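Encoded as structure tokens, the structure appears first; notes follow it.
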Amino acid sequence: MEIQWLYLKFFRNYLDQEVRFQSGLNILQGENGQGKTNILEGIYYLLTGKSYRVHREQELMSWGENEFHLYGDFLVQRRKLRLESHYKEKRKVIKINQIPCRKLSEYVGTINVVFFSPDDLAMVKGGPAERRRFLDLHIAQHHSKHIQLLNAYNKVIQQKNALLKRGQNGIKSQLELWNEQMVRIGSEIIKNRWEFTALLSQKSQEIYGQISSGRERLTMEYHSLGKENLMEALEIFPKLLEEKTPLEIERKMILVGPHRDDILFKLNDRSARLYGSQGQQRSIVLSTKLAELEVIRQNKGEYPLLLLDDVLSELDELRRDYLLNYVKNLQQTIITITSAETLTPRASLMLKVENGQIRRFN
């Protein structure tokens, strides 16, 4: 999978800009604040319908504008596709080959992408919400129905929360109806996350073993409802909801559900978040991101597009060399850096980014 052409209009600091890419390693070089990351964000938004940096589309528009437009020509399974994403007057329009998509689930996963940035260290060091978001974003690229499940579950959560906050008479019988929906929809979410974590754990364990020369063993565990076993979690889900109902009414908040689940990264059976060094945690993130590539290749038959945002400066020489040797096998990688000297011989294409303008190196 690869991108051949990108056009941005009123997106971030790009008022009217097109970029052509090549197979292999594409380098975007420039000082900080010039717009390198905005190119990667535009590609990612075009493929997923979401930004990995902000939650509101208004933040993606150029200063003083009330709209933005993205176009991209992609190659997947030897087939050319044009993707479009338009945002105007608080309305999002997404198209594939000029045909509008009614739902995001019809769009996400058409072309797969893996994004890697220094902020991904939050996957290990941050809170459970960071790890759930990571899982859900990438499950959606494999199973489009996962987006529908998440949207449906979030609506149930919102309705149940509103009911708990009102605290009206007869609330218990009404909560039972919402709990039934939580179990029905939430169980499917738990299954998807568990399955993807198992695939990712196997691949990341192999890659981490290579990076650490076999000295350390990485495992990933999905913990749902306090259980490490899928069948136990699914069995206990309705019982927990029933048991916690009086306490939920008292506290006016939801205490049980997959919206509180977590992934535990372990090195040699110890929590990597609590006991892992900075270098070990970076190796976990690197291994997990490369494992994503392998899982997608296994599922789709080819590697996804890989976007690397200023990660080389965050990796030591060993991990940097491992990553650069790894991307040789990929169809296309786009990387942002501030200094291009060490990568020049490896690049298929080098682009200079300066003040929202892009040009090829001579």
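The values are calculated or read from the model by the stated rules, or taken from the named source; none is laboratory data. The structure displayed is predicted, hence computed values, not measured ones. Please note: Cβ atoms are built from the backbone with ideal geometry, for glycine as well, and neighbour counts cover all protein chains shown. Surface areas here come from the heavy atoms of the whole protein model, side chains and all, with no ligands, DNA or RNA. Shrake-Rupley method; radii C 1.70, N 1.55, O 1.52, S 1.80 Å.
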The extension gain from L177 to L264, computed as 0.36 nm times the residue separation minus the Cα-Cα distance, is 28.1 nm
With semi-axes √(5λ) of the Cα gyration tensor in Å as the read-out, I listed (1) 30, 25, 19; (2) 50, 22, 19; (3) 37, 27, 17; which label goes with the value calculated from this structure? (3)
30 Å Cα-Cα threshold exceeded, pairs from K50/K125; K88/K252; K191/K266; K92/K155; K36/K289: K88/K252
Inter-label distance, nm, simple model (7 Å from Cα along the C-beta direction), Q278/K50: 2.9
Could you tell me the relative contact order of the stretch 14-71? Use alpha-carbon pairs under 8 Å, at least six residues apart, and round to a whole percent. 25
Rounded if a/c is under 1.5, else prolate if a/b is larger than b/c, else oblate: which is the stretch 278-362, with a ≥ b ≥ c the root eigenvalues of its Cα gyration tensor? oblate
So what J values fall out for the stretch 34-46 if you push phi through Karplus, 6.51 cos²θ - 1.76 cosθ + 1.60 with θ = phi - 60°, rounded to Hz, Gly and Pro as x? 8, x, 4, 5, 5, 5, 5, 5, x, 5, 4, 4, 4
About the Cα centre of the chain, what is the dipole size in debye to 20, counting +1 per Lys and Arg Cβ and -1 per Asp and Glu Cβ, all else neutral? 720
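Rounded to the nearest 0.05, what FRET efficiency do W5 and K88 give with R0 = 22 Å and r taken as the Cβ-Cβ distance? Could you check?
Computed FRET efficiency for W5 and K88 comes out at 0.50.
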Among the aspartates and glutamates, select those whose C-alpha is under 18 Å from the C-alpha of K90, and discard any that sit fewer than 8 residues away in the same chain. E57, E59, E65, E67
Rounded if a/c is under 1.5, else prolate if a/b beats b/c, else oblate: with a ≥ b ≥ c from the C-alpha gyration tensor eigenvalues square-rooted, which is the stretch 67-223? oblate
Length-normalised contact order for the stretch 30-184 - Cα pairs under 8 Å, 6+ apart - percent: 14
Under DSSP loop assignment and at most 14 Cβ neighbours within 10 Å, longest chymotrypsin sites (Phe, Trp or Tyr not before Pro)-free interval of the chain: 64-360
How far apart, in nm, are the 7 Å Cα→Cβ label points at N169 and Q98? 6.3
Need one number: nm distance between label points at K125 and M253, each 7 Å from Cα along Cα→Cβ, rounded to one decimal. 2.6
For the stretch 145-195 and the stretch 44-69, what is the separation of their Cα centres, given in Å? 29
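Give the calculated FRET efficiency between R78 and D16 to the nearest 0.05, with a Förster radius of 25 Å applied to their Cβ-Cβ distance.
Once rounded, the FRET efficiency stands at 0.20.
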How many Å² of accessible area per residue for the chain, probe 1.4 Å? 49
Prolate/oblate/rounded call for the stretch 13-135, Cα gyration tensor, a/c under 1.5 rounded: rounded
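If I compute solvent accessible area with a 1.4 Å probe over the protein chains, what percent of it on the stretch 231-309 is carbon and sulfur?
That fraction is 46 percent.
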Over the chain, what is the relative contact order in percent, taking alpha-carbon pairs closer than 8 angstrom and at least six residues apart? 27
About the Cα centre of the stretch 228-308, how large is the charge dipole given +1 on each Lys and Arg Cβ and -1 on each Asp and Glu Cβ? Please answer in debye to the nearest 20. 420
